[in-house]
Amino acid sequence: MNRKHMRGTYIVEFSFVGLLVFILLFGVVEMGRLYFTVNALDEAARRGVRLAAVCNVSDPVVLRRAIFNAATDAGTSQLISNLATSNLALTYLDVNGAVVANPTNTSGTTGFRAIRYVRLSVQNFVFNLFIPGLGVPITLPTFRATLPRESLGRHSDSAEITPC
């Protein structure tokens, strides 16, 4: 073949190969971001339930710290964009696994004294892809962690509440 007739062929071949390489590169980066986000959400559930098991029942700091924020920062997570305390559901469970209706009630056997387990769920989190032209939102499944209650912010010797 004549070199003059092949001049545009290299550009066309490079555009096909380059397109495939960039799609593969963006795919690998997005899978890495998704894997990181899934692990961070799982850690947020684990971290939040651990804090809830040892902190006071009505302490708002628990949910803030669960999403990797400072105790005074009530905004979205510093680590995971779009994650807010509204994505977290903290529930207190009795010995049978039923939800304790009023966990702050310290009198009787239906409130605070009935709590045996603590559960935190991270739900309705939407992961947005950064791939150009393919900004599809993906709703991730619910992440849950359950632990037995510990002190719930109270000393065993007295009913004195300790801050977290």
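Axis of helix 9-54 versus longest Cα principal axis of the chain: the two differ by about 0°, to the nearest ten degrees. Stretching ARG116 away from VAL54 to a fully extended chain increases their span by 21.1 nm, per 0.36 nm per residue minus the current alpha-carbon distance. Rounded to the nearest 500, the 222 nm mean residue ellipticity of the chain from helices alone is -11500 deg cm²/dmol, with -39,500 (n - 2.57) taken per DSSP H run of at least 4 residues. Using Cα pairs under 8 angstrom and six or more residues apart, how large is the relative contact order of the chain, in percent? This gives 23 percent for the chain. For the listed peptides 23-32, 133-142, 91-100, a ranking on the average number of other beta carbons within 10 Å per residue, highest first, reads 91-100, 23-32, 133-142. The charge dipole of the chain, taken about its Cα centre with unit charges on the Cβ of Lys, Arg, Asp and Glu (plus for the first two, minus for the last two), comes to roughly 460 debye. The residues packed around GLY97, meaning those with a beta-carbon under 15 Å from its beta-carbon, carry a net charge of +3 if Lys and Arg are +1 and Asp and Glu are -1.
Model label points for PHE68 and GLU30, set 7 angstrom from Cα along the Cα-to-Cβ axis, are 2.2 nm apart. Here is the list for region 1-60: trypsin sites (Lys or Arg not before Pro) lying in DSSP coil, each with at most 11 other C-beta atoms within 10 angstrom of its C-beta, are ARG3, LYS4, ARG7.
We did not get these values from a lab; they are worked out from the coordinates using the rules stated. Please read these numbers as outputs of a predicted model, since none were measured by experiment. So basically every Cβ, Gly included, is an ideal-geometry build from the backbone, and we count neighbours across all protein chains shown.
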